[in-house]
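Heads up: the structure comes next, in structure tokens.
The values are calculated or read from the model by the stated rules, or taken from the named source; none is laboratory data. Keep in mind it's a predicted model, so treat the numbers as computed, not measured. FYI the Cβ positions are ideal-geometry reconstructions off the backbone, even for glycines, and counts take in every protein chain you see. The accessibility values were calculated without ligands, DNA or RNA, using every heavy atom of the protein model including side chains. Shrake-Rupley method; radii C 1.70, N 1.55, O 1.52, S 1.80 Å.
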Amino acid sequence: MVTVRLLCAQSRTPSKGPPVSQPRPIPRLLGSLLLLAAATLSGVAASGLAATPAEAAEPAVRPLGQTVPVPASVEPGGTPFTLTARTVIRTDGSAAARAVGDRLAEVLRPSTGYALPVTDRPSTGAIRLRLSGGDTTLGEEGYRLQSSRGSLTITAHRPAGLFRGVQTLRQLLPSRVEKDTRQPGPWQVAGGTVTDSPRFAHRGAMLDVSRHFLTVDQVKRYIDNISLYKINKLHLHLSDDQGWRIAIDSWPRLATYGGSTQVGGGPGGYYTKAQYKEILRYAADRYIEVVPEIDMPGHTNAALASYAELNCDGVAPPLYTGTAVGFSSLCVPKALTYDFVDDVIRELAAITPGKYLHIGGDEAHSTSHADYVTFMNRVQPIVAKYGKTVIGWHQLTGATPAEGALAQYWGLDGTSAAEKAQVARAAQNGTRLILSPADRIYLDMKYNKDAELGLSWAGYVEVRRSYDWDPGTYLPGAPASAIAGVEAPLWTETISTNAHIDHMAFPRLPGVAELGWSPAATHDWEDYRLRLAAQGPRMEALGIDYYRSAQVPWPAE
């Protein structure tokens, strides 16, 4: 249930911090009525532009708590802020606030038709973006949004917080604000204050560009769509049996030959270093850190096919276009293997400004356990040598995770107790966990038995199943303090187009984003499904061809 802080609530003094008002829940029926109120009461701009039926189902002024993810604290009250032709976007003069303001203006100008100049000069009727270096209570990504008749102010300690606050502002405006053509107003934001910060620092989306190659523009489009929901990590799965997708100067055939195909035998492709850096810049502008993955010692057929000397027998296998797993392995005893790994990690680390480098490590069925441990214990120091922190799939816990390493758990409810215990022990010993349970948030799983896209080895994953679990208590024996966050992988055995990506990621990914961002106390499926339903017109306005799950009461089209 979403909670708001009502102005008439009694005050209380918690054990720490300043007095706050007592939270009281909005009754579910009232919340539903607010969400589904007829927008015909809002009027139509004098331009004569008309809203679609779905847009007409939106409330006149959206309640402050009706966003995804739901904010940590909402205190409604006062007169709404109205965006008009006279509104300016006022920043505090810093380059970072200016960049966030410019990006906000890019979103709002086409649909409103307003000039919305970005300035640091004093002005009335402004959207104000302000960094407050002295206020550390909001953390690295938190923000405070204050809306009233005369202005709307977003305050943050860090630029990432300003950007996250802007995403909330977008969702508080009518969904048609996302369109790239002029739309009818009015453009109002309910009065009151939102104070918000994330539950987990790691809120990720993984994109497999190896099974099917995805172009730079496809990746950028995904970045745009996930940024709206406050995702802050993009994990790029850059190598697998079916294709190697990043240019490595010291081993050029990895990309030119190993990247020349994909599942089903298509043309494949790879990113030049310039293209890869372009993706990273684009993500960084949206405060998303890219985590590159080179999977090893298994999932390496593309590399083994490219260079015969990487194979124990010196014979290169053919390129692979199927979907089986577990049949390939780097040659653990060969010294050349570690020269190869060193070169790849060195070159990739040099063009990756982020903290992490993912070394895979799952489904290495063709590598003996002893060889696997040897390999991981030799490779992890190479990552550290080039200034990066290791992330590996949770099988890494079967070796010795390096200090500071993160293990990404992708097990199922039915994963063996022994395997879960192994991961939990690692967490108890200081290895932090990213949770990606396959039967909850693998976005390539089919929604149901009738779905055309996706796989079903982990079962069917409808929208409620992907949302209705708690990362803090999910893995028995793992301390809540060891949970770094959540990440939703999108594997691409059956996925190659934007429409495929949209259908499989949305609307499940927004729920994963809420699990990562919002306080556990706000978690309530019945409330969430209504807020998710209100995202339907917004996703349509953005051109996201989402799956219309029967579990969600989408507005009539």
- Item | Every pair of residues 6+ apart whose Cβ atoms lie under 7 Å, when the first sits in region 64-90 and is of a type in the set (S, T, N, Q) while the second is part of a loop (DSSP other than H, G, I, E, B) and open to solvent by 10 Å² or more (accessible area, probe 1.4 Å) | Ser73/Arg5; Thr79/Ser148; Thr79/Arg149; Thr82/Pro186; Thr84/Gly125; Thr87/Tyr114; Thr87/Gly125
- Task: Considering each of Thr492, Thr497, Thr522 in turn, give the residue that is touching a strand residue (DSSP E or B) at 6+ places or on another chain (Cβ under 7 Å) and more than 21 Å from Ala438 (Cα to Cα).
- Result: Thr522
- Query: For region 162-229, which fully contained strands (runs of 3 or more DSSP E) count at least 2 residues that are among the small types (Gly, Ala, Ser)?
  - Reply: 202-208
- Note on the structure: Of Arg346, Arg286, the only residue that is surrounded by fewer than 16 Cβ atoms within 10 Å (Cβ to Cβ), basic (Lys, Arg) and touching a residue at least 40 places away in the same chain (Cβ under 8 Å) is Arg346
- Within region 166-215, residues being over 30 Å from Pro267 (Cβ atoms), open to solvent by 10 Å² or more (accessible area, probe 1.4 Å) and of a type in the set (S, T, N, Q) number 6
- Item | Odd one out for Ala421 among (1) of a type in the set (A, V, I, L, M); (2) open to solvent by 10 Å² or more (accessible area, probe 1.4 Å); (3) assigned to a loop (DSSP other than H, G, I, E, B) | (3)
- Please tell me if Pro489 is surrounded by fewer than 23 Cβ atoms within 10 Å (Cβ to Cβ), assigned to a strand (DSSP E or B) and modelled with pLDDT of 95 or more. yes
- Query: In region 502-547, which residues are polar (S, T, N, Q) and in contact with a helix residue (DSSP H, G or I) (Cβ under 7 Å, 6 or more places away or on another chain)?
  - Reply: Gln535
- Going through region 492-514 one residue at a time, which ones are touching a residue at least 60 places away in the same chain (Cβ under 8 Å), under 17 Å from the mean Cα position of the chain (by Cα) and open to solvent by 10 Å² or more (accessible area, probe 1.4 Å)? Asn498
- Can you name the number of the only condition in (1) in a loop (DSSP other than H, G, I, E, B); (2) touching a residue at least 24 places away in the same chain (Cβ under 8 Å); (3) open to solvent by 20 Å² or more (accessible area, probe 1.4 Å); (4) over 22 Å from Gln395 (Cα atoms) that Gly354 fails? (3)
- Item | Counted residues, region 251-275 - those being assigned to a loop (DSSP other than H, G, I, E, B) and more than 27 Å from the chain's Cα centre (by Cα) | 8
- Note on the structure: Every listed condition ((1) over 22 Å from Tyr356 (Cα atoms); (2) of a type outside the set (Phe, Trp, Tyr); (3) open to solvent by 60 Å² or more (accessible area, probe 1.4 Å)) holds for Asp371 save (3)
- Message: Need pairs with beta-carbon distance below 8 Å; first residue small (Gly, Ala, Ser) and within region 119-141, second surrounded by fewer than 18 Cβ atoms within 10 Å (Cβ to Cβ); sequence gap 6+ or separate chains.
- Response: Gly125/Thr84; Gly125/Arg86; Gly125/Gly150; Gly125/Ser151; Ala126/Ser151
- Note on the structure: When every residue in region 116-152 that is open to solvent by 20 Å² or more (accessible area, probe 1.4 Å), of a type in the set (Ser, Thr, Tyr) and within 30 Å of the chain's Cα centre (by Cα) is compared, the one farthest from His202 (Cα to Cα) is Ser132
- Task: Considering only region 210-250, state which residues are over 13 Å from the mean Cα position of the chain (by Cα), farther than 15 Å from Trp491 by Cβ and hydrophobic (A, V, I, L, M, F, W, C).
- Result: Val216, Trp244, Ile246, Ala247, Ile248
- Query: Restricting attention to region 310-335, which residues are in contact (Cβ under 8 Å) with a residue 24 or more places away in the chain, under 24 Å from Thr374 (Cα atoms) and either within 33 Å of the chain's Cα centre (by Cα) or surrounded by 13 or more Cβ atoms within 10 Å (Cβ to Cβ) (or both)?
  - Reply: Leu310, Val325, Gly326, Phe327, Ser328, Ser329, Leu330, Val332, Lys334
- If we scan region 528-551, do we find a residue that is part of a loop (DSSP other than H, G, I, E, B), more than 16 Å from the chain's Cα centre (by Cα), farther than 30 Å from Pro267 by Cα and not polar (S, T, N, Q)? yes
